[in-house]
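Note sheet for the following structure.
The values are calculated or read from the model by the stated rules, or taken from the named source; none is laboratory data. All figures in this text were calculated on a predicted structure; none of them were measured in a lab. Glycine gets a Cβ as well: all are built from the backbone with ideal geometry, and neighbour counts include every protein chain shown. Just so you know, the surface numbers come from the protein's heavy atoms only, side chains and all, with ligands and any DNA or RNA stripped out. Shrake-Rupley method; radii C 1.70, N 1.55, O 1.52, S 1.80 Å.
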Amino acid sequence: MPHIFASPTSVVLPLETQAILDNLLTGVLVVDAELLVHFVNAAAKQLLSLSPRRLQHGALHLHDTDLALDISLDLARIRHCISTEQSFTDSEVQLAIKGQPRWVEVTVTPLAGDPGLALVEVHLVDQQKKISQELQQRTQQQVARELVRGLAHEIKNPLGGLRGAAQLLERELERDRADLKEFTQLIIAQADRLSSLVDRLLGPQRLGLRQTDNVHSVLERVRQLVALELPPQIMLARDYDPSIPEFEMEAEQIEQALLNIVRNAAQALSEDTRELSDEPARIVLKTRIAYQILLQGKLYRQAAEIRIIDNGPGILELLRETLFYPMVTGRQGGTGLGLSLAQDIIQQHNGRIETLSRPGHTEFIIYLPLRD
């Protein structure tokens, strides 16, 4: 089957050139200034999940929504490259194909001898990027966590003295000025509240006893708790893979981590101020098995993949790099502790949390190892 797409201005590449490009492991596309694709090699078809039926359909555009393709690269840069005949490389491009996030390096080069066309090379750097990103996140979070925990200990020590002094004062007031007791009660209550907040800042120091459990039982408990809190306009759906085997976990901690993420999604939907669309607000709890996945530097044959998906406004761009840091929140009145604690718990289970977000679609993807 030829790789040329029907259009009035289609350019036919020599068969020898097509054969060479088809044998490359790097994905290659030839596009024009209107982002019409004239050629796709075998590696690009596999990477972009382009079916033969889709290719035979006719003209194919990079901005075609039928591709189920979401790319962080500004496609206007390709037009600029063609018009100025200056190539560029972007090694920080996130590509989501049918909801699956991938990291790629994109190089765009004007095609010599064919004005108005450019060669787009797409090289998958998923594994290297994820390893680098995971190491960077763990280092940054460790520093932030140690800083916050040190500060929390410094706060907690004088809080104990403050509460003790308020209790002694209350005993004296009971004899002479019982009418002032409400003020000492206020001091004690606020000291207890701050102490509770500090305990949450310190987070789980280590996991309890791990036992074999079913991840769907944990998700069902989370679903039942959240369903009681959800406003009626938000739907809560399930899409479970029953083939996921039981595995060792500290079930209460995993439940807390998932509950924090699901509640975040519910709050984002409740506070969504965008114009209402035809699609109702919803949260989806989805499970699958991921194969041959690298978690914290170790390769696992299988991992449980838990996706918490919502169609809310998305994560603010300025929060995406620091989303799991303690005390970071985009919600008025939020403590910024829920996602940080969830990250701690998942990491202590040798797992990983990834995010994929754009307006109208946000996913938290949790991986928990099943087998080495």
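Report whether or not Leu356 is hydrophobic (A, V, I, L, M, F, W, C), farther than 20 Å from Tyr291 by Cβ and at pLDDT 75 or above.
Considered against the rule, which asks whether it is hydrophobic (A, V, I, L, M, F, W, C), farther than 20 Å from Tyr291 by Cβ and at pLDDT 75 or above, Leu356 comes out as no.
So which residues in the range 218-269 are among the polar types (S, T, N, Q) and touching a helix residue (DSSP H, G or I) at 6+ places or on another chain (Cβ under 8 Å), if there are any at all?
Across the range 218-269, the qualifying residues are Gln253, Gln256, Asn260, Asn264.
Taking only the range 223-249 into account, find how many residues are in a strand (DSSP E or B) and of a type in the set (Lys, Arg).
Total meeting the criteria: 1.
If you go through the range 348-369 one residue at a time, how many are over 20 Å from Asp310 (Cβ atoms), surrounded by fewer than 20 Cβ atoms within 10 Å (Cβ to Cβ) and in contact with a strand residue (DSSP E or B) (Cβ under 9 Å, 6 or more places away or on another chain)?
1
At pLDDT 80 or above and out of contact with any strand residue (DSSP E or B) (no Cβ under 9 Å at 6 or more places or on another chain): is that true of Ala165 in this structure?
yes
Cβ-Cβ under 9 Å, sequence separation 6+ or interchain: first residue in the range 155-177 and within 12 Å of Ile187 (Cα to Cα) and open to solvent by 70 Å² or more (accessible area, probe 1.4 Å), partner of a type outside the set (A, V, I, L, M, F, W, C) and modelled with pLDDT under 80. Which pairs?
These pairs meet every condition: Arg163/Ser195.
Between residues in the range 1-28 that are more than 10 Å from Asn41 (Cβ to Cβ) and residues that are modelled with pLDDT under 50 and surrounded by 15 or more Cβ atoms within 10 Å (Cβ to Cβ), which pairs lie under 6 Å by C-beta distance while being six or more apart or on different chains?
Between residues of the range 1-28 that are more than 10 Å from Asn41 (Cβ to Cβ) and residues that are modelled with pLDDT under 50 and surrounded by 15 or more Cβ atoms within 10 Å (Cβ to Cβ), the close pairs are Ser10/Ile4; Val12/Ile4.
Looking at the range 277-292, is at least one residue within 22 Å of Ser196 (Cα to Cα), at pLDDT 80 or above, hydrophobic (A, V, I, L, M, F, W, C) and under 17 Å from the mean Cα position of the chain (by Cα)?
No, the range 277-292 contains no residue that is within 22 Å of Ser196 (Cα to Cα), at pLDDT 80 or above, hydrophobic (A, V, I, L, M, F, W, C) and under 17 Å from the mean Cα position of the chain (by Cα).
Answer with yes or no whether Leu236 is over 22 Å from the mean Cα position of the chain (by Cα) and either open to solvent by less than 70 Å² (accessible area, probe 1.4 Å) or modelled with pLDDT under 85 (or both).
no
As an exercise: evaluate Ala68 against (1) at pLDDT below 75; (2) open to solvent by less than 20 Å² (accessible area, probe 1.4 Å); (3) closer than 30 Å to Glu354 by Cα and give the number of the one condition it does not meet.
Of the numbered conditions (1) at pLDDT below 75; (2) open to solvent by less than 20 Å² (accessible area, probe 1.4 Å); (3) closer than 30 Å to Glu354 by Cα, the odd one out for Ala68 is (2).
Could you list all residues from the range 217-246 that are under 17 Å from Pro369 (Cβ atoms) and either of a type outside the set (A, V, I, L, M) or without any contact (Cβ under 8 Å) to a residue 40 or more places away in the chain (or both)?
Hits for the range 217-246 are Asp241, Ser243, Pro245, Glu246.
Could you tell me whether Arg307 is open to solvent by less than 20 Å² (accessible area, probe 1.4 Å), in a strand (DSSP E or B), of a type in the set (Lys, Arg) and modelled with pLDDT of 80 or more?
It is true that Arg307 is open to solvent by less than 20 Å² (accessible area, probe 1.4 Å), in a strand (DSSP E or B), of a type in the set (Lys, Arg) and modelled with pLDDT of 80 or more.
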